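This report concerns only the one structure given below.
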Amino acid sequence: MSRISQCFKSLKADGQTALIPYITAGDPEPWVTVPLLHALVDAGADIIELGIPFSDPMCDGPVIQKACERALKNDVSIKHVLKMVKQFREKNKETPIVLMGYANPIEAMGYQNFAELAKDAGVDGVLTVDVPPEESDEFRQIMDEHEIDTIYLVAPTTSPERMATIASFARGFIYYVSIKGVTGAAALDVSEVSQKLAQLRDKTQLPLGVGFGIRDGKSAAAVSEIADAVVVGSTLVRCIEEHADKLDELPAAVAGLLAEMRHAINARDLASA
Amino acid sequence: MLEQHIHDYFKNFPDSRGHFGPYGGRFVGETLMEAIYELEQAYQQYRDDPDFLAEMDKDLSTFVGRPSPLYLAENWTQKLGGAQIYLKREDLNHTGAHKVNNTIGQALLAKRMGKNRIIAETGAGQHGVATATVAARLGMECVVYMGAEDVERQAQNVYRMKLLGAQVIPVKSGSRTLKDALNEALRDWVTNVDDTFYIIGTVAGPHPYPAMVRDFQSVIGREAKQQVMEKTGKLPDALLACIGGGSNAIGLFYPFIEDESVAMYGVEGAGHGIETGQHSAPLSAGKPGVLHGNRTYLMQDENGEIIETHSISAGLDYPGVGPEHAWLKDIGRANYVSVTDDEALAAFHELTRTEGIIPALESSHALAYASKLAPTMSSDQTLVINLSGRGDKDMHTVAAMAGLNF
């Protein structure tokens, strides 16, 4: 069983919802990332999504675009990202890491090469936002061989037939994109999301994560009501941006934001237990 | 290898998943997948629909002014002393370039799909103007994304779009040029996917765009084939066209692909020279990767990050190229070459003075390569160049090169 599946299994046994923060690797400085990963775990992260910076992040809103630009200004490449994961694993063997990004840096490295390096670094899953299942036969096969989970997205526009196809390809968990739009854009509508998740649960046994549009403890708790995992990205990345000139305060500030969501989710989990 | 791929080319490429060999495909976020399937279905339905085709033909004839003439450049032919040079006069189209062939097709499709909001990306502004033009005529809302840098460089085209009723949004992210405008248009589409039709300006993007835009632009090659047969009684020996994304080139090449005797040359922008790294020639100096919905040759660094391009002509200033060109390169059906800014500028002046035709700087790249190729051919051979646009929009660039400012 993969580290991701293991994580969801034990959370479920405890009646808890997973909290998955996203940060862009190398933002705002390369050396900040690994200590920040540890701080996120301490603040209650169950799984971490680590963004591979890309020059053309066309599925992302301005907040994550700027994070990519800050990281690329420091020449943070996919190779550096893998090294960061390896360094993180020196002290943490438990928390699953999912790399999130776009196809081209992985294409440039080569699927086989990427899989070997990612496995060696301790990566557990990978989500390439611009590669739908239709285009990922070879990639998925190689990731399977290396026991790295390929995470796929389901969107509000995804038809029930397509949900079934995606579910058959997905590993680890399925990431439901709660709104039509880019990351960090609008607030989500919980009842709308809830309907879609119900459709999706008919097609899969995998845990369902919900991301896009979660910005505070309240929205995190509301989503934890219906999902197995709450993914939060732009809110944290905006906090990183605000602390780009105060790096000594940055990990505590970001961790504080995440801890607030953790508490809100835990309170909700307890209430419903 | 070549013969095997060219046999039944029209039937086989792209395949049902939009692949040209390893290139093309559908690389977009999940939110857009249903939208591109919906588009594909609509396109399949209407591409052979007599009413749709009749409406398009009528617009191409009375609104655009087609067929565009095939002009024998006698003075220039004589001067170069080789092949007979014919120019396919896309510069005479309404709005001044080949772009409008495609925007009419896509806008009519949008109308049939019930989408009343049009978005587009533009570099130099030609595709933006062509989109704003058809949107004005069909009474559709139109939003054009343009790199902030290009908005400054192409103030006149920005004003044209605004006159036509379009909203022009300057894109300030990334390198602030065409590729960033494309990113922003995709972000708009993902946000407004229910009522919005994205008119992509070139033979790139996710399937079905590369095939659909090619089909709309193929009117260039179909006409050229008929016209050159009428004038010379035989197929041409070579075709030339400039390549940015590659829509004017594929438009000319496509109807000739199975005619193996016809050589094809796609001319990329070598900018300050391929060796300087400051160019926009992914087929000549890039390698395959994934960007903007398709797999193709890209200008990228060793980590897969897209690098900034340079060309004197904004229409060629793009780090990717249509996936069908990537395939035609790999199977050896078309030749991809490049000329520098300086060579293109020299050809611009040459055609202006010898033939009284002011070409677009994009098209001047094809002309520059023709001036090398024609003298190596004999006078009973013919060469057709796609004169894809007129040079009016380039006055300030050319003047600035001569130290003048308007």
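Side notes on the structure shown:
- Sorting B:Glu324, B:Glu302, A:Glu116 by the number of Cβ atoms found within 10 Å of their own Cβ, with the fewest placed first, yields B:Glu302, A:Glu116, B:Glu324.
- For region B:282-290, Karplus couplings with θ = phi - 60° (6.51, -1.76, 1.60), whole Hz, Gly/Pro x: x, 6, 7, 9, x, 9, x, x, 10
- Label-to-label distance, B:Glu3 versus A:His38, with points set 7 angstrom from Cα along the beta-carbon direction: 6.7 nm.
- Segment A:Lys12..A:His146, full-extension length gain: 45.7 nm, with 0.36 nm per residue of separation and the alpha-carbon distance subtracted.
- For B:Val168, the residues 5 or more places off, or on other chains, whose built amide H falls under 5 Å of its own are B:Val144.
- Counting, for every residue in B:294-307, the Cβ atoms of other protein chains within 10 Å of its Cβ and taking the mean gives 5.
- Counting only aspartates and glutamates at least 8 places from B:Lys99 when in the same chain, those with an alpha carbon closer than 12 Å to its own are B:Glu90, B:Asp91.
- Label-to-label distance, nm, for residues given as B:Arg17 and B:Ser261 (7 Å Cα→Cβ offset): 3.9 nm
- Computed P(r) (all Cα pairs; chain B; 20 Å bins; percent): 30, 62, 8
- Pairs of Cα atoms farther than 16 Å apart, region A:134-222, %: 55 percent
- Cα gyration tensor shape of chain A, rounded if a/c is under 1.5, else prolate or oblate by comparing a/b with b/c: rounded
- Residues within the reach of a label modelled at B:Ala155 (point 7 angstrom out along Cα to beta-carbon, backbone nitrogen below 19 Å), restricted to region B:390-406, are B:392-406.
- In order along region B:345-359, the phi-based Karplus estimate (6.51 cos²θ - 1.76 cosθ + 1.60, θ = phi - 60°) of 3J(HN,Hα) comes to 5, 4, 5, 4, 5, 4, 5, 4, 7, 7, 10, x, 10, 8, x Hz; Gly and Pro are listed as x.
- Partner shielding of A:48-61 amounts to 5, given as the average count of beta-carbon atoms from other chains within 10 Å of each residue beta-carbon.
- Length gained when the stretch B:Phe10-B:Arg47 is fully extended (0.36 nm per residue, less Cα-Cα span): 11.9 nm
- For the protein assembly as shown, a simple Cβ point-charge model (Lys and Arg +1, Asp and Glu -1, everything else neutral) yields a dipole of about 760 debye relative to the Cα centre.
- Phi to ³J(HN,Hα) by Karplus 6.51 cos²θ - 1.76 cosθ + 1.60 over region B:106-116, Hz, x for Gly, Pro: 5, 5, 5, 5, 4, 4, 5, 7, x, 9, 9
- Top of B:Phe20, B:Phe63, B:Phe216 by mean-square fluctuation, Gaussian network on chain B, Cα under 10 Å: B:Phe63
- Comparing A:Gly122, A:Gly172, A:Gly61 in a Gaussian network model of chain A (Cα springs below 10 Å), the most mobile by mean-square fluctuation is A:Gly61.
- With q set to 0.18, 0.23 Å⁻¹, the log10 of I(q)/I(0) for region B:66-168, from the Debye formula over equal scatterers at the Cα positions, is -0.82, -1.10.
- Beta bridges by DSSP in region B:110-251, antiparallel share as percent, to the nearest 5: 0 percent
- Put in order of Cβ neighbour count within 10 Å, fewest first, the listed residues B:Tyr198, A:Tyr111, B:Tyr336 become A:Tyr111, B:Tyr336, B:Tyr198.
- Exposure proxy ranking for B:Glu3, B:Glu260, B:Glu55, based on other Cβ atoms within 10 angstrom of each Cβ and starting from the fewest, stands as B:Glu3, B:Glu260, B:Glu55.
- Region B:1-157: C-alpha gyration tensor shape, a/c 1.5 cut-off, then a/b vs b/c: oblate
- Dimensions in Å of region A:174-250 - Rg and Dmax from alpha carbons: 14.2, 47
- Pairwise inverse Cα distances across region B:267-330, averaged and inverted, put the Kirkwood hydrodynamic radius at 11.5 Å.
- Scattering curve values for the protein assembly as shown, log₁₀ I(q)/I(0), Debye with Cα scatterers, q = 0.06, 0.07, 0.09 Å⁻¹: -0.35, -0.47, -0.76
- Computed label-point distance, nm, for sites A:Lys218 and B:Asn116 using a 7 Å Cα→Cβ extension: 3.5 nm
- Rounded to the nearest 20 debye, dipole of chain A from Cβ charges on Lys, Arg, Asp, Glu: 440 debye
- Taking a ≥ b ≥ c as the square roots of the eigenvalues of the Cα gyration tensor, an a/c ratio of 1.5 or more together with a/b larger than b/c marks region B:17-70 as prolate.
- Fully extending the segment from B:Arg222 to B:Glu74, taken as 0.36 nm per residue of separation minus the present Cα-Cα distance, adds 51.0 nm.
- DSSP bridge orientation in the protein assembly as shown - percent antiparallel, rounded to nearest 5: 20 percent
Computed from the coordinates by the stated procedures, all read-outs in this text should not be read as laboratory data. From a predicted model like this one, the values you see are computed outputs, not experimental measurements. As a convention, Cβ positions derive from the backbone with ideal geometry for all residues, glycine included, and neighbour counts pool all protein chains shown.
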